[in-house]
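These notes are about the structure you will find just below.
Quick note: the coordinates plus some simple rules give every number you see, no bench work behind them. Small disclaimer: the values here were computed from a predicted structure and weren't measured. Because the Cβ atoms are built from the backbone with ideal geometry, glycine has one as well, and the counts that use them run over all protein chains shown.
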Amino acid sequence: MSRIVVGPFNRVEGDLEVGLEVVDGQIVEARVTTPLYRGFEQILVGRPVDDALVMAPRICGICSVSQSLAASSAIASFCGVEPARNGVLATAIAHAAENLADHLTHFYLFFMPDFAREAYAGAAWYAPIEARFRAIRGTASATFLPARARLLEIMGLIAGKWPHSLAFRPGGTTRSLDLGDKVRARAILADVRRFLERELFAMPLEAVVAIADLDGLDRVAAGEGDFAAFLRVAAATGLDRIGLGPGRVASLGAYRGGGVDGGLLFAAGVVDTASGARAAFEVDRVREDPAHAWFAGEAGPPGRAVSEPDIERAEAYSWAKAPRYDGEALEVGAIGRQLADGSALAQALVAASGRTTVAARVVARLVEAARLVAAMEGWVAALERGAPYAQAGCQPTDGSGVGLVEAARGGLAHWMTVRGGRITRYQIVAPTTWNFSPRDGAGRPGPLEAALVGLEVGEAGAAAPVIQHVVRSFDPCMVCTAH
Amino acid sequence: MTERRTSLLWLQAGSCGGCTMSVLGHDGAGIFAALEAAAIDLLWHPSASEATGAEARAILESVEAGTTALDVLVIEGSILTGPNGSGRCQMLAGTGRTMVDWVRSLSARAGVVVAVGTCAAFGGIPMAEPDPAEATGLQFDGADRGGALGAGFRGRSGLPVVAVAGCAPHPGWIVETLSAIAAGELEAGDLDGLGRPKFFADHLAHHGCSRNEFYEFKASAERASDRGCLMEHLGCKATQAVGDCNQRGWNGSGSCTDGGYACIGCTSPAFETARGFLTTPKIAGIPVGLPLDMPKAWFMALAALSKSATPKRVRLNAVSDHVVVPPGRAKRSPGEGGEG
């Protein structure tokens, strides 16, 4: 048996260390460490309520809008303000822009460069993939970065800037868009659509959204574009058979007010990936367990928890606590969102093994990207001229509540308690807190810890590219994980 | 002639990664092209480089040993010295060493150390009370000289820590600073007293604000999304905060104040110590924070005068989220030009 440590694990957002035990070239145990702690939950306590809108987004530079919205939703949950319709739409547009940017950043800058590694130099598919996706020097990043910057110009119109905007309030958004702004938003989305239809999918977005089964994916794989190239490499490297998820996925529901009936664009729910059974997500079933984290205390509901660092805690190996739902680990992310929303393709992707896989996660992310652009176009069209973007805010003095949003990487929840206009408790469970959790008090591993077990790494050990693929398939955001 | 190239290593200390996200949004051909145009070789960047695990450790060790020459060390994020001075709030993954240890060690090898973002410059948001991770900046602890490297630290080139402050900084501030360093154009005299490059730090965020007419007449926004000046009621510190924020676009055309919300002074040391960011603190109805270098009595007299002279158009538009009264049309003679 050999024990190996993989780190610094880069091309993820933030700091990550993975400890592995390998027997006969196979991983038999994994421990996932979040090695960074800043203490936002402690910083927020004692502050005026609205300061959460300043502090919370700064937890994370890559999903700051999601963090803003979780804080704003937590406030709204107990102060009863009804946001302006235009503000709801503008929020959805900006939030989708961030999530879309994150999905694409993951694909182009974080995930695909691993297939340009020397370890694959002998593969038949290698040469064009290497030229396209080589980190920093590949042709894809040269094409993608300007497209990404163009997409984020949506933030300049709606949110002032990105990351770390103060535009998102319980009552709506702070900048009204006039006719010229609306036309500019439309033009930005047209450019984004053009990039996706030319470079990523090489087909109309509507055709991507219509893919309903694995045969449909096979037809795409025979074509042009980066998505097709990924599908071919995924088939050649068996990405549809590795990185198996925990068997349950969840979504907290995405884009409130963005659905056809003014409800959610993507439904909430908990899905058993083997049976396909779907149930409602009930936030009261969430517990966080610090048994293997550098925090004092016992497992309990986040709404009643505090974060008190204890660097000497025995058995601790991470700054992340272990969230559990009915006592079990959950996977979150685009695949969870699409399964909870009833996507036929997502169901087809997990049908073979009854589990989520590396390939399923990446495909779900990219197909969701196509769905998002179509939704954003609709939301821009629905912006009503002359109507308000924000209702008057609220100044809650006492109350408690929870804000639930779907960040790019999955469900994000903020629990907040306020007394006398000051925050008295603040707890955050982020997507990667779920996916990259350490063990809980019962010794049950987190989703990544379980997904790595059984992986064949052979002689390469820590250098085996499959480790990179499995870890990055979750698109971890480590700065959110332990905050 | 052989092109002089500049080696650059980028590390993320106690950061949110937002400075990297900002610079990835650099306009034109993108950040990698911009670095190449400045003849900068990226030794390693945690978000961008292929090298991982042992490969990345080898790069860091080679720099630390002096085998690989390091011209520019970029640190993003606060330096975390907690808990209890141990630095264990951030271990550099895979190395068994604290990030503060790595930062000090690698800084000793660097030609220039650049703090990207207010966290690395001054401590920033993680330093906010109760400062759980015992955060500090590279050469400042809030507004006080010192920090992780100490007041006397100089890079091999002789420069103190260059502080590209901002939370997050404009991508242009980062790229222009790094490019100027690579070209040998950034000198000690180009930095202000806090190490911030003057090309952006000699301006105020207020300069070029699209709300300037409302400011002139003290026609103030009363709630979020109003078009009026954000200073009197909604917490705006743009008249006290450095940065050419309103002289260049953020994400295309944006800025904080154009986006409808207050400047929170994110380029300043200790900006995180504020309480109630979105409400202007007042004493006897008068905002506490007035423009940096304006005599208070003068400001009050001018404010009273301009308030009394506020046109109806400005007064009404200030408390609306769209223009309710357009600029008036004057009677003009042929050949005079202008609206008419």
Taking 51 Å as R0, compute the FRET efficiency from the Cβ-Cβ separation of A:ARG304 and B:SER333 and round it to 0.05.
0.10
Using the crude model of +1 on Lys and Arg Cβ and -1 on Asp and Glu Cβ, and no other charge, please compute the dipole size for chain A relative to its Cα centre, in debye to 20.
1060
Assuming a viscosity of 1.567 mPa s and a temperature of 4 °C, what translational diffusion coefficient in µm² per second does Stokes-Einstein assign to the stretch A:2-480, Rh being the Kirkwood radius over Cα pairs?
57
Where in chain A is the longest stretch that carries no GluC sites (Glu not before Pro) classed as loop by DSSP and with at most 13 other Cβ atoms within 10 Å?
A:1-223
What trypsin sites (Lys or Arg not before Pro) does the stretch A:212-284 have in DSSP loop regions with at most 12 other beta carbons within 10 Å?
none
Estimated inter-spin distance, A:GLU118 and A:LEU214, nm [label 7 Å along Cα→Cβ]:
3.6
Which of these, B:LEU290, B:LEU60, B:LEU305, has the largest mean-square fluctuation under a Gaussian network model of chain B (Cα springs below 10 Å)?
B:LEU305
To the nearest 20 Debye, how big is the dipole of the stretch B:110-182 about its Cα centre, given +1 on the beta carbon of each Lys and Arg and -1 on that of each Asp and Glu?
380
Only four residue types carry charge here, +1 at the Cβ of Lys and Arg and -1 at the Cβ of Asp and Glu. Report the dipole size of chain B about the Cα centre in Debye, rounded to the nearest 20.
1140
Under the Cβ-under-4.7 Å rule, which cysteines of chain B stay unpaired?
B:CYS16, B:CYS19, B:CYS89, B:CYS119, B:CYS209, B:CYS229, B:CYS236, B:CYS245, B:CYS256, B:CYS263
Using alpha carbons only, how many angstrom separate the centre of the stretch B:295-332 from the centre of the stretch A:125-155?
48
A:VAL286, B:VAL164 arranged by Cβ crowding within 10 Å, fewest neighbours leading:
A:VAL286, B:VAL164
Whole-Hz ³J(HN,Hα) for each residue in the stretch B:278-295, computed from phi via Karplus 6.51 cos²θ - 1.76 cosθ + 1.60 with θ = phi - 60°, x for glycine and proline: what do you get?
9, 10, 6, x, 9, 10, 6, x, 10, x, 6, x, 9, x, 3, 10, 10, x
Report the one residue of A:ALA369, A:GLY420, A:PHE295 whose Cα lies farthest in the direction of the positive end of the charge dipole of the stretch A:2-480 (charges on C-beta: Lys and Arg +1, Asp and Glu -1; origin at the Cα centre).
A:GLY420
Could you please rank B:LYS312, B:LYS307, placing first whichever residue has the fewest other Cβ atoms within 10 Å of its Cβ?
B:LYS312, B:LYS307
Sorted largest first, extent of the protein assembly as shown alpha carbons per principal axis (Å)
87, 62, 59
For chain A, what does the helix formula give at 222 nm: sum of -39500 (n - 2.57) over DSSP H segments with n ≥ 4, over the residue count, nearest 500 deg cm²/dmol?
-11000 deg cm²/dmol
Across the stretch A:89-97, in residue order, what do the Karplus-derived ³J(HN,Hα) couplings come to in whole Hz, using 6.51 cos²θ - 1.76 cosθ + 1.60 with θ = phi - 60° and x for Gly and Pro?
5, 5, 4, 4, 5, 5, 5, 5, 4
Part-to-part distance (alpha-carbon centres) for the stretch A:387-403 and the stretch A:279-340, which is given in Å
27
Taking neighbour Cβ counts within 10 Å as the exposure measure, how do A:MET203, B:MET21 sort from fewest upward?
A:MET203, B:MET21
Please compute the net charge surrounding B:ILE264, taking Lys and Arg as +1 and Asp and Glu as -1 over other residues with Cβ under 13 Å from its Cβ.
+1
For chain B, which span is the longest to avoid every loop-located (per DSSP) member of GluC sites (Glu not before Pro) having at most 14 other Cβ atoms inside 10 Å?
B:4-184
When only C-alpha pairs under 8 Å and at least 6 residues apart count, what is the relative contact order of chain B, in percent?
14
Stretchable slack from A:ALA392 to A:ARG186, in nm (0.36 nm times residue separation minus alpha-carbon distance)
71.4 nm
Mean separation of Cα contacts under 8 Å, 6 or more apart, over the residue count of chain A: relative contact order %
25
Three-way shape label, the stretch B:131-213, alpha-carbon gyration tensor, a/c 1.5:
oblate
Given R₀ = 56 Å, what would the calculated FRET efficiency be for A:ASP178 paired with B:ARG104, taking r from the Cβ atoms and rounding to 0.05?
0.60
Among all the lysines, which ones have a C-alpha under 23 Å from B:LYS307's C-alpha, if same-chain residues fewer than 8 places away are not counted?
B:LYS218, B:LYS237, B:LYS282, B:LYS296
Of the trypsin sites (Lys or Arg not before Pro) in the stretch B:1-60, those whose Cβ has at most 13 other Cβ within 10 Å and which sit in DSSP loop
B:ARG4, B:ARG5
The stretch A:38-102 - percent relative contact order, Cα under 8 Å, separation 6 or more:
27
Rounded to whole angstrom, the alpha-carbon centroid of the stretch B:86-125 lies from that of the stretch B:129-144 at a distance of 13
For n ≥ 4 DSSP H runs only, could you compute -39500 (n - 2.57) per run for chain B, divide by its residues and tell me the 222 nm figure to the nearest 500?
-6500 deg cm²/dmol
